[in-house]
Amino acid sequence: MEKLRCCGNFLESSKPYFAMISLQFGYAGMNIITKVSLNRGMSHYVLVVYRHAFATAVIAPFALIFERKGQPKITFSVFMQIFILALLGPVIDQNFYYAGLKYTSPTFSCAMSNMLPAMTFVMAVMCRMEKIDIKKVRCQAKIVGTMVTVAGAMLMTLYKGPIVELFWSKNVHPRQSHATDTTGTNEKDWVKGSIFLILATLAWASLFVLQAKALKTYKNHQLSLTSLVCFVGTLQAIAVTFVMEHKVSVWQIGWDMNLFAAAYAGIVTSSISYYVQGLVMKKRGPVFATAFSPLMMIIVAIMGSFILAEKIFLGGIIGAILIVIGLYSVLWGKHKENKEKEGEEEIPEAVKSIQANGNTFLVSGDIEANQAELIKEEASNKLSAVAISNQCLNHPSKPTNYN
């Protein structure tokens, strides 16, 4: 019985780890599948439209079922927040990310996306949502981590270096892979692709900063907010596609890799991942959820070398290592900051002594219980005083014993 209980406790505590590892495989699959679809000629503008159309179709029913009551009113201010969030996320972030993925490689794109915590920190400081106290170690860690992350991104952008041969991919020729097609991916413009990926990450960081304000309105209706952002983003992406793509044929999609890429990205990475990541963040916090992102880069590197015969360069490896070091430095500083905030908001578990009405009480645990005890004690003291005064009034000549 004891073994079964220990096994149950282990499985329960391991659920967040299994969930986040599974999500990284899901994200890695999205990068590989999307790369194959883009190499086969699918427009990334059309891919963004179909992806968020699938995401809206999947999330909206759950929002209607679980969050029908108490929906916030959509005022002009709220609508503008949703409009900007949709512009930053589905339109700017996704289009630049897919364009960068097309010009570079899945592993390179995943490595660049690890800049997100550092960029979010910079954006939060610029918007005065983060306060910097240079004397504190946690602030120093976030600043140093941001600088190291930027250095890693610059290194990956400006220096490719020699090709690093992996032992399992030495006998794989690029022509045997679906990675090479008529899209010109062999002549990759790494600088151009890197700039697109940095702009995508910047838009993503801006999305997180602005989303904090929108979540105050949709605090108990997060599925509804996600549905609205995906729906408005789909409409915006359609408008952008009409401007950028003038051929009607780009909209054609059949039962092929293009449809699978759009459905996979919309259902797995924009719907299921949102729900699972939300559950994990509620249980373990945002730092725990973000700490697994480098695992996606490793998975993509292995899968990309097998499926796409992807070439990995020395500059990319060194830059990715620097970005991961900077990432964990920023996350460590954020973790310490969250711990300090929790310590300020919660009552210390250490026992405190409080002097009230001449009596000393030991206070620990729940504040409501302690306040109730104090109120009861004060009421008892008041009743005792009234009883004593009545006794003195009724028998003024008799001395009163309080023993």
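The values are calculated or read from the model by the stated rules, or taken from the named source; none is laboratory data. Just so we're clear, the structure is a prediction, and the values are computed from it rather than from any experiment. Note that each Cβ is placed from the backbone with ideal geometry, even for glycine, and that neighbours are counted across all protein chains shown. Ligands, DNA and RNA are excluded from the accessible area calculation, which covers all protein heavy atoms including side chains. Shrake-Rupley method; radii C 1.70, N 1.55, O 1.52, S 1.80 Å.
Worth pointing out:
- Residues whose amide H falls under 5 Å from that of Phe313, counting only those 5 or more places apart or on a different chain, are Val164, with hydrogens built in the peptide plane.
- Among residues other than Ile198 with Cβ under 13 Å from its Cβ, the summed charge is 0 (Lys and Arg +1, Asp and Glu -1).
- Along each principal axis, Cα extent of the range 35-161, largest first, Å: 47, 45, 24
- Neighbours of Leu47 by Cβ distance under 12 Å: Lys/Arg scored +1, Asp/Glu scored -1, total +3.
- J(HN,Hα) series, the range 115-129, from Karplus relation 6.51 cos²θ - 1.76 cosθ + 1.60, nearest Hz, glycine and proline x: 6, 3, x, 5, 5, 4, 4, 4, 5, 5, 5, 5, 8, 6, 8
- Probe 1.4 Å, protein heavy atoms only - accessible area per residue of the range 53-160 in square angstrom: 51 Å²
- When the P(r) of the range 230-301 is calculated, the portion above 17 Å amounts to 65% of the C-alpha pairs.
- Here the range 88-150 has 69 percent of its accessible surface on carbon and sulfur atoms, given a 1.4 Å probe and all protein chains in place.
- Protein accessible area in the range 268-332, 1.4 Å probe - carbon and sulfur %: 79 percent
- Accessible-area composition of the range 20-62, carbon plus sulfur, in percent [1.4 Å probe]: 74 percent
- Of every Cα-Cα pair in the range 50-93, the percent that sits beyond 11 Å: 73 percent
- At a probe radius of 1.4 angstrom, the accessible area of the range 266-340 per residue rounds to 46 square angstrom.
- A quarter of the convex hull surface defined by the alpha-carbon atoms of the range 281-342 gives 5.0 nm² as the mean projection.
- Near Gly233: Cβ cut-off under 11 Å, other residues only, Lys/Arg at +1 and Asp/Glu at -1. The net charge is 0.
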